[in-house]
1. Sorted by packing (mean other beta-carbon atoms within 10 Å per residue), highest first, where do 259-270, 365-376, 184-195, 55-66 land?
2. Restricting everything to alpha-carbon atoms, can you work out Rg to Rh for the chain with a Kirkwood hydrodynamic radius?
3. So the label point goes 7 Å from the Cα of MET127 along Cα→C-beta, right? Which residues of the range 71-112 then have their backbone N under 19 Å from it?
4. Can you tell me the FRET efficiency between SER63 and ILE279 if r is taken as the Cβ-Cβ distance and R0 is 41 Å, rounded to the nearest 0.05?
5. DSSP H helices in the chain with Cα extent of 20 Å or more along the helix axis and mean Kyte-Doolittle hydropathy at least -0.5?
6. Using R₀ = 30 Å, calculate the FRET efficiency as 1/(1 + (r/R₀)^6) where r is the Cβ-Cβ separation of THR207 and GLU286; round to 0.05.
7. If the range 273-351 were replaced by its equivalent ellipsoid, with semi-axes equal to the square roots of 5 times the Cα gyration tensor eigenvalues, what would those be, largest first, whole Å?
8. Could you give the semi-axes, largest first, of the ellipsoid that matches the range 3-114, computed as the square roots of 5 times the alpha carbon gyration tensor eigenvalues and rounded to whole Å?
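Please treat every number below as a calculation from the coordinates, not as lab data. All values derive from a computational prediction rather than experimental measurement. Methodologically, a virtual Cβ is constructed for each residue, glycine included, from the backbone with ideal geometry; neighbour enumeration extends over all protein chains shown.
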Amino acid sequence: MTQVKRSRYFVVSYGDEQVVDLGAFLRGRVEMAQGTHISAVSSLTEAAHRVTAGDLDLLGRVSSHEWVARSRLAADNGVPEAAVDALAAAGLLISDADDPVLRRLRQREESLRSSQWHPCASFYHLMAKNPDGLNKDGGKLFDLASVAAGSQDATDAFVARYGLPPAPFHEARGDGETVRLPMIDQQGGLYRALASRRTVRSFDRGTPMRSEDLATLLYWVFGCHGHTTLSKGVPLLGKTSPSGGSLHPVEVYPLVRNVADIERGLYHYRLRDHSLARIRPLEEWEAEALAIGMAAGQDFAAAAHVLLLMTARFYRNFWKYRRNVRTHSVILQDVAHLSQTLYLVCADLGLGAFYAAHDGFFVDEALALDGVEESAVGLAGCGVRPSGGMDYALDFVPYTPGETEV
């Protein structure tokens with residue numbers, strides 16, 4: 001006897017749409033009417049499914065803790081068993097049927113629960129993995145061609161459509177008292193790296209990146225520099241960037257395209273022995289196609305000498321912060337810390353670097369990740385900057401606080 005229960009991992013939303021007025025159509029006229037549709041987005045199927053008010057009523061009558069017979073649920077609510085099956089196939093009900101698809105959805109539900117995913121956090125992660133929101137209106141305010149040409153056309157068109165942005169300088173309300181701070185001119189490598197830190201989207205394809213530079217980058221951004229023990233069996237690692245709970249759940253998978261003495265391919269950086277473990281070799285065209293796909297279609301990523309795919313082993317953090325809606329955002333802050341450290345190390349090495357949006361579904365599939373235990377959370381790239389050509393970085397003129405007019 002097949003049993004079902006309600007999934008915890010879906011979100012329901014209502015949307016408006018224009019639909020054909022059926023009554024008018026039957027009278028020989030084509031008229032549009034305002035309609036409402038209901039969607040349920042499932043973290044199990046990673047997709048949105050159209051549902052009805054009746055479906056929601058049925059789901060509300062099922063516990064997420066206790067199993068109920070599929071036939072009894074259908075009979076008690078006056079619906080065909082096929083309607084129950086449809087909700088199970090959509091990942092809204094969990095079924096214990098011995099069906100490959102339903103078994104996979106059941107296992108994914110259990111994996112989300114056992115690894116301490118908060119339902120809202122799982123929904124946000126699912127939405128963040130989807131790159132469809134990029135350039136949704138077709139606008140490319142900072143596309144490479146307009147930056148290279150120094151053109152203001154794209155920006156002018158954007159402003160014409162949406163108006164001016166909020167002012168760059170913000171002044172909070174207070175009692176009017178202002179303390180002017182002294183300008184301190186700091187020297188040294190750190191401050192030089194901070195001053196030269198910039199986003200670069202073009203690289204010298206003809207010059208390989210030095211393997212020594214890649215080794216330096218991986219060690220000083222992602223490597224382990226120390227350790228301590230919290231309690232028996234609970235070691236903590238010391239790194240160059242902070243991490244929530246000192247747990248460091250972020251892994252990095254370098255896609256090596258053009259590095260001297262290292263074969264082109266997809267790798268995993270192993271902290272334990274500071275090594276690259278190859279997942280698979282790649283042809284040139286494969287590496288470029290993967291880079292573009294992982295960067296959500298942004299073709300400048302294909303020119304990077306190395307693409308750095310950052311993933312999270314979620315239970316590494318969820319182990320301590322169990323089923324907490326904020327824990328996922330802490331992991332994203334970890335990625336932000338790492339990306340800034342990456343920029344500084346690249347600046348010190350004279351390399352170009354960028355951080356870009358990624359297609360989480362594409363990355364997960366390329367790395368064979370399940371999306372629950374481990375999934376993509378960030379993407380960066382780096383490489384040798386062009387010697388004399390355009391690097392597609394924004395050029396800034398010096399600014400002196402209190403003196404320069406903007």
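1. Top to bottom by mean Cβ count within 10 Å: 365-376, 259-270, 55-66, 184-195.
2. With Rh from the inverse mean 1/r over Cα pairs, Rg/Rh is 1.04.
3. Zone members listed by number: 92.
4. The calculated FRET efficiency here is 0.45.
5. Qualifying helices, which must be both long enough and hydrophobic enough, are 327-349.
6. FRET efficiency, THR207 to GLU286: 0.90.
7. For the range 273-351, the ellipsoid semi-axes come out as 28, 17, 14 Å.
8. Details: eigenvalues 197, 54, 26 Å².
Square roots of five times the eigenvalues give 31, 16, 11 Å.
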